[in-house]
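Presented below is the structure to which this report refers.
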Amino acid sequence: MTSDVKIEIKNLYKVFGNNPVAMMELVKTGTSKQELLDEYNHVLGLKNINLEISDRHIQVIMGLSGSGKSTLIRHINRLIEPTAGNVIVDGQDVLAMTRLELQEFRRSQASMVFQRFALMPHRSVADNVAYGLHIQGIKGEEAEKRSQRWIERVGLAGYESHYTSQLSGGMQQRVGLARALATDAEILLMDEPFSALDPLIRTDMQEILLGLQTELQKTIIFITHDLDEALRLGNSIVILRDGEVIQIGTAQQIVMNPVDNYIKDFIKDINRGRVIQVSSIMNTTVSNTGPQIDGDTVLEDALQVISNSGSGVGEVTKDGKVVGSVDVDTIISTLSRRI
Amino acid sequence: MATLAIISVATLICIAVGIPIGISMARSNRVQSVITPILDVMQTIPSFVYLIPCVMLLGIGKVPGLLAVCIYALPPLVRLTNLGIRLVDREVLEAADAFGANYRQKLLGVELPLALPNIFAGINQTIMMSLAMVVIASMIGVKGLGVPVLRAISNQYLALGLMNGLAIVALAIIFDRISQKFGQNIQKHRTSDHDF
Ligand SMILES: Nc1ncnc2c1ncn2[C@@H]1O[C@H](COP(=O)(O)OP(=O)(O)OP(=O)(O)O)[C@@H](O)[C@H]1O
Ligand SMILES: [Mg+2]
C-alpha cells in the first residue's frame with residue numbers, strides 16, 4: 001500500500017465558547033479541559049492535533065464520548081471552523097477556501113456518513129442516494145443511473161421508491177453509505193456510522209465496507225468507540241482523550257504497546273488471541289523446523305497450526321519468505337500477559 | 001362569492017408576506033425577538049382599534065377591509081413557519097451542508113419541505129381566522145356573508161343571523177378540509193408508513 005499523505009492536520013485547536021481566541025494562550029500553557037470549563041466557561045474541543053492520514057487507508061479515530069472525535073472529523077470538511085491550525089487535503093488548505101471553493105470541495109472531494117443516518121425523510125431511497133448528485137446539478141437519467149449502481153452495490157435493489165422511514169436502521173445506513181459513495185468523492189468521512197446498529201447488522205456493514213474498500217480504495221476516516229470495530233477496520237488508529245491525541249499507530253502497535261492506562265483500559269477486554277499477529281511477537285532467528293505461518297496470522301490460529309504439526313515452533317513468513325520464528329511458550333505468555 | 005374572494009386574496013397575501021417573515025425569524029434570534037412582540041400585538045389588539053385609522057386613511061371599502069383581515073390572520077402563519085423551520089432536524093441540515101448544498105438548495109430542498117406540516121397548519125389557521133374577520137370587515141364596507149350577519153345583529157333577526165352564520169361555518173369547514181387534504185397529499189411519506 002502506498003503511504004502518500006492525503007490529509008494533513010497541523011497544530012489544530014478548537015475551543016467552544018464566546019471568546020475562543022482569548023482562551024488560546026491558556027490552552028497552550030496547559031490549562032486543563034476541566035479548568036477551562038469551570039473557571040472560564042469555555043469548552044476545549046481539540047488541543048494541538050497533528051495527524052497525517054495516508055491515501056487510500058482507513059484511519060480510525062477512537063475515544064470515549066466527549067473526547068472530540070466528531071469535532072475532529074468535522075474539521076476535515078470544515079463543518080466546524082478551527083480556533084487555530086491547518087487542515088490540508090491533497091496539498092490544498094481547506095481553511096483558505098472561499099465559500100464556493102468549499103462547496104465544490106464538499107460536493108466532489110469529501111462525502112460523509114452520519115451516526116444517526118441524517119437521511120431526508122421527504123425523499124425516496126433513490127432520491128436520497130442521488131442527493132449529492134442533485135446538489136451538483138446532475139439530474140434525471142444520469143443521476144438515476146449513477147445512483148442505481150450504488151443502490152445495488154449496498155444491497156437495496158427493489159427499495160428505490162420506498163421512503164426512508166419505512167426501512168430498518170441497517171437499511172437506512174446502507175442508504176447513507178450509498179449516498180456518500182454516489183458522488184465518487186475520494187474521501188469518506190464516517191462519524192460512528194455503525195454505532196446505532198445491532199451487533200449482527202454492524203458486522204454485516206463492516207463487511208460491506210471492507211468489501212467496498214478493497215474495490216474502491218478510498219481514504220476513509222472512520223470514527224468508533226468500539227475497539228473491536230477499530231481493530232477490524234483500521235489500517236491506522238488514533239486515540240483521543242479530552243481533545244488530545246494519546247496514541248497513533250496500527251492495531252498491533254496499540255495492543256502490544258499501549259502508552260498509558262487510558263489505552264490499557266480500552267484494550268483490556270479484547271480477545272488478544274484474535275487480534276495480535278505472530279509478526280508482532282516473533283524473534284528474528286530462523287530455525288527452519290516447524291510449519292510456515294504467515295506473519296498476519298493471529299495467535300489463536302498460529303497456536304492451532306503449531307500444535308497440529310507436533311513441533312514447538314513455527315516459521316513466520318512475509319510475502320512467502322521466512323523472516324523469523326515463534327514458539328508456543330512465547331505465544332502462551334503473550335496471551336496470558338496481564339496488561 | 002364575495003366572501004370567498006376576500007378570503008382567497010387575504011390568504012394569498014398572508015402566504016406571500018408571512019412565509020418570508022417566518023423564514024427570516026427562523027434564521028436569526030434577533031429578528032425573532034423583534035417580531036414576536038409585534039405578532040402578539042397584532043393578535044391581541046381589538047380589531048376596531050386599527051380599523052379606525054385604516055378607514056381614516058383609506059376610506060370605506062375593500063382595501064381597508066382586506067388590510068384588517070390580513071393583520072388579524074397573519075400571525076399564526078408567521079409563527080408556525082418559524083417554528084417549522086426551527087424544528088427541522090439539525091443533522092439533516094448538516095448532511096445537506098456536508099454534501100455542499102448552497103443556501104437556496106437548503107431552503108427549498110430541505111427546510112421548507114420538512115417544515116411543511118407546520119406551514120400548512122399555519123395556512124389553515126390563517127384561513128379560519130380570516131373567515132372569522134368577515135363579519136367585522138363587513139362593517140367597513142366589505143361585501144359578502146358578513147353583511148347580512150351584521151344586519152341581523154343590529155335588527156335582531158335571529159333566523160337571518162343564524163342562516164348566514166351557519167353559511168360561514170360551512171365555508172370554514174370546506175376550506176379546512178380542502179387545505180388539510182392538500183397538505184396531506186404533498187407529503188405522502190408521513191402517512192405511507194402504514195400501507196407498507
Ligand atoms: N457546539 C458546541 N458548543 C460547545 N461545546 C461543544 C460543541 N460541540 C462539541 N462540544 C464539546 O466538545 C467536546 C467534544 O465533543 P464531540 O462531539 O467532538 O465528542 P465525541 O468524541 O464525538 O463524542 P461522542 O462519542 O459522544 O459523539 C465535548 O466536551 C462537547 O461537549
Ligand atoms: Mg460524536
Quiz item: P(r) of region B:61-124 in 10 Å steps, Cα pairs, percent per bin?
Solution: 22, 37, 24, 13, 5, 0
Exercise. State the Cα centre-to-centre distance between region A:197-223 and region A:127-179 in whole Å.
Key: 17
Quiz prompt | Label-point separation, residue A:294 to residue A:207 (7 Å along Cα→Cβ), nm | solution = 1.8
Quiz item: At a probe radius of 1.4 Å, what is the per-residue accessible area of residue B:12, in Å² to the nearest 10?
Solution: 120
Exercise. Starting from the residue with the highest accessible area, list B:48, B:120 in decreasing order, probe 1.4 Å.
Key: B:48, B:120
Quiz item: Whole-Hz Karplus ³J(HN,Hα) for region B:53-60, in order, using 6.51 cos²θ - 1.76 cosθ + 1.60 and θ = phi - 60°, x for Gly and Pro?
Solution: x, 4, 5, 4, 7, 10, x, 7
Exercise. Calculate one ³J(HN,Hα) per residue across region B:147-164 by plugging θ = phi - 60° into the Karplus curve 6.51 cos²θ - 1.76 cosθ + 1.60, and present them in order as whole Hz with x for glycine and proline.
Key: 4, x, 5, 4, 4, 5, 5, 6, 9, 6, 8, 4, 4, 4, x, 4, 4, 6
Quiz prompt | Ellipticity estimate at 222 nm from DSSP helix runs (n ≥ 4, -39,500 (n - 2.57)) divided over chain B, nearest 500 | solution = -27500 deg cm²/dmol
Exercise. Which order do the peptides B:23-34, B:137-148 take when ranked by the mean count of other beta-carbon atoms within 10 Å per residue, highest first?
Key: B:137-148, B:23-34
Practice problem: May I ask you to rank A:215, A:192, A:35 by accessible area, largest first, using a 1.4 Å probe over the protein chains only? | Solution: A:215, A:35, A:192
Quiz item: Residues of A:118-127, mean number of Cβ from any other protein chain within 10 Å of their own Cβ, rounded to a whole number?
Solution: 5
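From the Cα trace of region B:1-109, what convex hull volume per residue do you get, rounded to a whole Å³?
Values: hull volume 12.9 nm³, N = 109.
Spelled out: Cα convex hull of region B:1-109, divided by residues, is 118 Å³.
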Practice problem: State, in angstrom, two size descriptors of the protein assembly as shown derived from its alpha carbons: Rg to one decimal place and Dmax to the nearest whole number. | Solution: 32.2, 118
Quiz item: What does the accessible area of residue A:161 come to, in Å² to the nearest 10, when a probe of 1.4 Å is used?
Solution: 90
Quiz item: In degrees, nearest 10, range 0 to 90: what is the angle between the Cα axis of helix A:299-309 and the longest Cα principal axis of chain A?
Solution: 30
Quiz item: In deg cm²/dmol and to the nearest 500, what is the mean residue ellipticity at 222 nm of chain A if only DSSP H runs of at least 4 residues count, each as -39500 (n - 2.57), divided by the residue total?
Solution: -11000 deg cm²/dmol
Quiz prompt | Buried accessible area, chains B and A (both chains, 1.4 Å probe, Å² to nearest 100) | solution = 2100
Self-check item: Nearby lysines by direct alpha-carbon distance to residue A:28 (threshold 17 angstrom, same-chain neighbours under 8 apart not counted)
Solution: A:10, A:14, A:47
Quiz prompt | From phi via Karplus (6.51, -1.76, 1.60), per-residue ³J(HN,Hα) for region A:327-335 in Hz, x at Gly/Pro | solution = 10, 4, 4, 4, 4, 5, 5, 5, 4
Self-check item: Residue order for B:103, A:163, A:262, A:131 - accessible surface, 1.4 angstrom probe, largest first
Solution: B:103, A:163, A:262, A:131
Self-check item: Largest-first principal axis extents of the Cα set of region B:1-41 (Å)
Solution: 42, 20, 7
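The values are calculated or read from the model by the stated rules, or taken from the named source; none is laboratory data. Remember, it's a predicted structure, so these values are computed and weren't measured experimentally. Neighbour counts are summed over all protein chains in view; Cβ atoms, including those assigned to glycine, are modelled from backbone coordinates with ideal geometry. Just the protein is used for accessible areas: all its heavy atoms, side chains included, with ligands, DNA and RNA removed. Shrake-Rupley method; radii C 1.70, N 1.55, O 1.52, S 1.80 Å.
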